[in-house]
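Shown next, in structure tokens, is the structure this report addresses.
The values are calculated or read from the model by the stated rules, or taken from the named source; none is laboratory data. These numbers come from a predicted model, not from an experiment. Note that we place each Cβ from the backbone using ideal geometry, even for glycine, and neighbour counts take in every protein chain shown. Note: accessible area is taken over every heavy atom of the protein model, side chains too, but ligands, DNA and RNA are not part of it. Shrake-Rupley method; radii C 1.70, N 1.55, O 1.52, S 1.80 Å.
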Amino acid sequence: MNKPELNRRHFIKGIGATAILWQIPLWQACKRPVPVFKGILPGTQQKILHTVLNHLFPETTESPGIEQLHTEFHINTYLTDPQIDPDEQKYIINGITWLDETSQELFKTNFLSLTYSQQIKILENILQTSWGEYWLSRLLTLTFESLLLDPVYGVNVDEAGWHWLHHQPGQPRPQSGITYPEILKRKKEHLIITGLDQL
Amino acid sequence: MAKNEIYDVCVVGSGAGAGPVIYELSKAGYKVIVLEKGPWFRTEDFSKDEMVATRRSVYTPNLKDEPQVIEDLNDKGEWGAKSTFETGRDFWNGNCVGGSSNFMSGYFARLKPVDFKLLSTYGEIPGANIADWPITYDDLEPYYEKVERLVGVSGKVVPHKFMSPRSTPDYPYPPLAENIISSWIDEAAAQLNIKSIPLARAILSRKKGDRNACYYSNYCGSYGCSSDAKGSARVALIHDALKTGNCAVIPNAKVYHLETDGHNRLKKAWFYDAAGQKQTVEAKIFVVAAQAVETSRLLLMSRNKEFPNGLANNNGQVGKNLIFSGGGTGGGDFYYDELEPELASQLAKPGVFVNRTIQDFYELTDPRSGQKMKGGTVDFLFEHANPVSKAIREKWDNDGKLRWGTGLKKHLHRYFTNVRKLKFEIFVDWLPTDNCFVGLSPKVKDKWGDPVAKIRIGNHPHDLKVAGIIAEKSKQILAKMGAHNIYASISGAPPNNLQAGGCRFGNDPKKTVLNKFCQAHEVENLFVTDGSFMPTGGSVTFTWTIYANSFRVADIIKGKLA
């Protein structure tokens, strides 16, 4: 899908839809304190992101969650990657703000103060908007990257995602020196190659 | 590169259209210089890293730096232009030494004799600019055979009613190992009186010189090959060219202007080096093979007094009649838990190929008119093993709603552990029309300040009709196999990796850019050897034909230089 414009128009459509009955995931059932990943986002924004990601991709007894996968680390890497479209990066960050604004508009309080079911209602609501659907879709894509990319990128720790989905990686796997963005250095090489011995 | 050296041949680009020229002329003792816009990725640089191969722009330019403009029909039926940087709709392919041949799947099929005379065989179609080729299949056959030997094609010849004539009995390399599902396709097709035949691949099934055989990595298309089994122009041809001592390759050299001498001859190529500095190369003959869109763009950018509309474009034909491969895709799912454990285990076996194609539909009967019409090809393949991309495709449910939470996780787990998806790809002619062409954007520029290509991508409705008929027949095969969730998606959206046309070859200098030797009508020492020359594309992938034609033109250039 094409990226929508970077605003929140067409957003508020009410919260009439009834929340689906959700299996309460581990992170909610255990009521663990929210560990704050330290990246480029301010603490509150990071906590909101953490909470949303847990809703999108909750840890269960059989499957890894975002903490084990280092999803927030991966998103932070994405947000600081100079190769990425700055508009896309801003969109990820703006979405956090817009989500919190939605919470204020619909429940008169911030997203982190909502109950579990109220947070679900907010997410279902923004899914009916083009910006919200695109934002959550982008977060899921980044979550999938943290689930299934090679652990050399600091994600998919202990190959937890691969084990869960019985995925067999291809060989050879990426090693230091040829990973992204190291491989991009080839695009700056000033060479005239006249023999195979130069390669 | 010695200062003031005048090379025999300067080649712009280094993919399938360039490799044979580089190889043949270097081997013949001529001094060849290659200007390649992208970097040199060595075989050791390639791994099965999804981050590098598909998740980020590593093998293709960053769209911030090098956008293109796509002109498509909007909801009101008007042509609207948007930068690919705005939309993320990327039209680049592999930009590196060897070009996109490094990342192809290597599904190889020859054109058939009828593809060289589509107009005279089936007649005109209103709204389409169909033209016969100025050469015949017989002219190209020896070069198809040469590609089999030099680039390396594996497979098994099985006679069928639309088989392209061959000068040798079989492929030089035996077929690659197959998954059990290939025999299921054969059986189901046979029950429907359809002939399923082995699909040839530009992948070595046994060692060839320095290149090792395929090791069935399970990650072929979109990935560089780590055994050099895949027949990229880089390992199959350019490595050998370098061994002659007659060839020099400058990676990260973006050519932006071809300069003429005032007498309809090219004199030098201007390029930006890796540091962004302007440089020049002089040569006796210039060969442009930058892939169809960028070849037309370079010619259009190379304006001067002699050629105010762009190089070799005084008849206004450069960029016109761009074509892609028309068609679509489809597929169906097989569930492991419905199979005996041994069969499920064989179906789940990674790495080995499907390698089945159906050519029976190459000619069809129009259901309305009852007239014969050109049809197409179906190739079968497994869904790519790329796990992130696979998960992303499962984000949306059948109603187009985003999956998330525990429901998403249950779905993902079942999909990854219990489903093997068999896909099919349909290839039909993308009829050339006045609404599919390359121009220069008047507004959008790349990081060097040059106008980017503006690509109008209109398709002809006939393409969809033909593809739709073949899709229904293909779905019947999957149904007979017992697949679930069978679908087909026929689209007028062009596949960006299968592009040709824009510098048509032909005998009429008023209507074509190149003569039958792929030499510009207006510029004696300019040849174009990528897919740009093709007036029609046939109903198979282009790469084998591009390789073969480049070998043909290499012989012509050798004759000119002798």
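Contact with the other protein chains removes 40 Å² or more of accessible area, compared with the isolated chain and a 1.4 Å probe, from these residues of region B:265-299: B:Ala274. Note on chain B: semi-axes of the ellipsoid equivalent to its C-alpha gyration tensor, largest first and rounded to whole Å, are 37, 26, 25. Solvent-accessible surface of chain B, averaged per residue with a 1.4 angstrom probe and all protein chains in place: 36 square angstrom.
Using a Förster distance of 25 angstrom, determine the FRET efficiency expected from the C-beta separation of B:His484 and B:Thr406, and round it to 0.05. With R0 = 25 Å, the Cβ-Cβ based efficiency is 0.60. Report, in whole Å, the centroid distance computed from the Cα atoms of region B:395-410 and region A:72-145. Between the Cα centres of region B:395-410 and region A:72-145 lies a distance of 17 Å.
The residues of region A:26-169 present an accessible area of 38 Å² per residue when probed at 1.4 Å with all protein chains retained. Sites listed here are trypsin sites (Lys or Arg not before Pro) in region B:304-375 whose DSSP assignment is loop and whose Cβ has at most 13 other Cβ atoms within 10 Å: B:Lys305, B:Arg368.
May I ask what percent, to the nearest 5, of DSSP beta bridges between residues of the protein assembly as shown are antiparallel? Display every interim value, and only then the final one.
Details: 68 of 91 bridges.
Roughly 75 percent of the beta bridges in the protein assembly as shown run antiparallel, per DSSP.
With Cα atoms defining each centre, region B:300-327 and region B:261-279 are spaced 19 Å apart in the structure.
Measuring how big region B:52-209 is from its alpha-carbon positions, Rg and Dmax come out at 20.7, 57 Å.
Considering only lysines 8 or more places apart in sequence, or on different chains, count the pairs in region B:12-156 whose C-alpha atoms sit under 20 Å apart.
Working: B:Lys27/B:Lys146; B:Lys37/B:Lys64; B:Lys64/B:Lys82; B:Lys112/B:Lys146; B:Lys112/B:Lys156; B:Lys146/B:Lys156.
Taking region B:12-156 as the scope, the lysine pair count is 6.
Relative to the longest principal axis of the Cα atoms of chain B, the long axis of helix B:181-191 makes an angle of roughly 80 degrees. Think of region A:26-169 as having a plus end and a minus end, set by charges on the Cβ of Lys, Arg, Asp and Glu; of A:Pro169, A:Leu56, A:Thr80, A:Leu56 sits farthest toward the positive end of this dipole.
With contacts taken as Cα pairs under 8 Å at a separation of at least 6 residues, chain B carries a relative contact order of 23 percent.
Rolling a 1.4 Å probe over the protein heavy atoms of the protein assembly as shown, with every protein chain left in place, gives an accessible area that is 49 percent carbon and sulfur. Interface burial in region B:74-95, defined as at least 20 Å² less accessible area with all protein chains than with the chain alone at a 1.4 Å probe, covers B:Phe85, B:Glu86, B:Thr87. Binning the alpha carbon pair distances of region A:105-154 at 5 angstrom intervals from zero yields the distribution 5, 18, 18, 18, 17, 10, 10, 3, 1, expressed in whole percent.
Under the classification rounded if a/c is under 1.5, otherwise prolate if a/b is larger than b/c and oblate if not, where does region B:101-149 fall, given a ≥ b ≥ c as square roots of the Cα gyration tensor eigenvalues?
Numbers: a/c = 3.33, a/b = 1.68, b/c = 1.98.
Because a/c hits 1.5 or more and a/b fails to exceed b/c, region B:101-149 counts as oblate.
Over the protein assembly as shown, dividing the summed -39,500 (n - 2.57) contributions of all DSSP H runs of at least 4 residues by the number of residues returns a 222 nm mean residue ellipticity of -8500 deg cm²/dmol.
In region B:397-416, comparing the full protein assembly with the chain on its own, the residues that lose 30 Å² or more of accessible surface at a 1.4 Å probe are B:Leu402, B:Trp404, B:Gly405, B:Thr406, B:Leu408, B:Lys409, B:Leu412, B:His413, B:Phe416. Using a Förster distance of 45 angstrom, determine the FRET efficiency expected from the C-beta separation of B:His263 and B:Thr121, and round it to 0.05. Once the sixth-power term is evaluated, E becomes 0.65.
Against chain B, whose longest principal axis comes from its Cα atoms, helix B:137-147 is set at around 80 degrees. Taking a ≥ b ≥ c as the square roots of the Cα gyration tensor eigenvalues, with a/c under 1.5 meaning rounded and otherwise prolate when a/b beats b/c, else oblate, which class fits region B:1-64? Taking the square roots of the gyration eigenvalues as a ≥ b ≥ c, region B:1-64 is prolate. Amide H contacts of B:Met373 (H built 1.01 Å from N, in plane; Pro and chain starts excluded): B:Leu364, B:Thr365, B:Asp366 sit under 5 Å, all sequence-distant by 5 or more or on other chains. Run the Debye formula on the Cα coordinates of region B:208-296, all scatterers equal and no solvent, and tell me log10 I(q)/I(0) at q = 0.15, 0.17 1/Å. Those come out to -0.80, -0.93, one per q.
DSSP assigns beta bridges within chain B; of those with both partners inside it, close to 75 percent run antiparallel.
Working from Cα pairs under 8 Å separated by at least six residues, relative contact order for region A:26-169 is 28 percent.
Could you run the numbers on buried accessible area between B and A, total for both chains, 1.4 angstrom probe, in Å² to the nearest 100? Walk me through the intermediate numbers first.
Working: alone 22800 and 11890 Å², together 29270 Å².
So the buried area, both faces added, is about 5400 Å².
For chain B, the longest principal axis of the alpha carbon atoms and the long axis of helix B:543-561 meet at an angle near 20°.
In region B:489-562, which chymotrypsin sites (Phe, Trp or Tyr not before Pro) fall in coil by DSSP and have 16 or fewer other Cβ atoms within 10 Å?
none
Length available on full extension from B:Ala562 to B:Glu472: 0.36 nm per residue minus the Cα-Cα distance, which gives 27.0 nm. Centre-to-centre separation between the Cα atoms of region B:486-551 and those of region B:41-111: 19 Å. Only Cα pairs under 8 Å and 6+ residues apart enter the sum, and on that basis the relative contact order of region B:1-150 stands at 19 percent.
Put simply, region B:15-110 fits an ellipsoid with semi-axes of 31, 18, 14 Å; these come from the alpha carbon gyration tensor as the roots of five times its eigenvalues, largest first. All other residues whose Cβ lies under 14 angstrom from that of B:Asp115 are scored, Lys and Arg at +1 and Asp and Glu at -1, for a net of -2. Here is the list for region B:472-562: trypsin sites (Lys or Arg not before Pro) lying in DSSP coil, each with at most 14 other C-beta atoms within 10 angstrom of its C-beta, are B:Lys510. Kirkwood Rh, Cα Rg: Rg to Rh for region A:26-169? Result for region A:26-169 is an Rg/Rh of 0.96.
Sorting B:Thr529, A:Thr77 by solvent-accessible area of protein heavy atoms yields A:Thr77, B:Thr529, largest first, with a 1.4 Å probe. Note on B:Lys207: aspartates and glutamates with a C-alpha under 17 Å away, same-chain residues under 8 apart excluded, are B:Glu148, B:Asp228, B:Asp240.
Report the net charge of residues surrounding A:Pro174, where surrounding means a beta-carbon distance below 13 angstrom and charges are Lys +1, Arg +1, Asp -1, Glu -1. So the environment of A:Pro174 carries a net charge of -2. A compact globular protein would have a Cα radius of gyration near 2.2 N^0.38 Å; the ratio found for the protein assembly as shown is 0.98.
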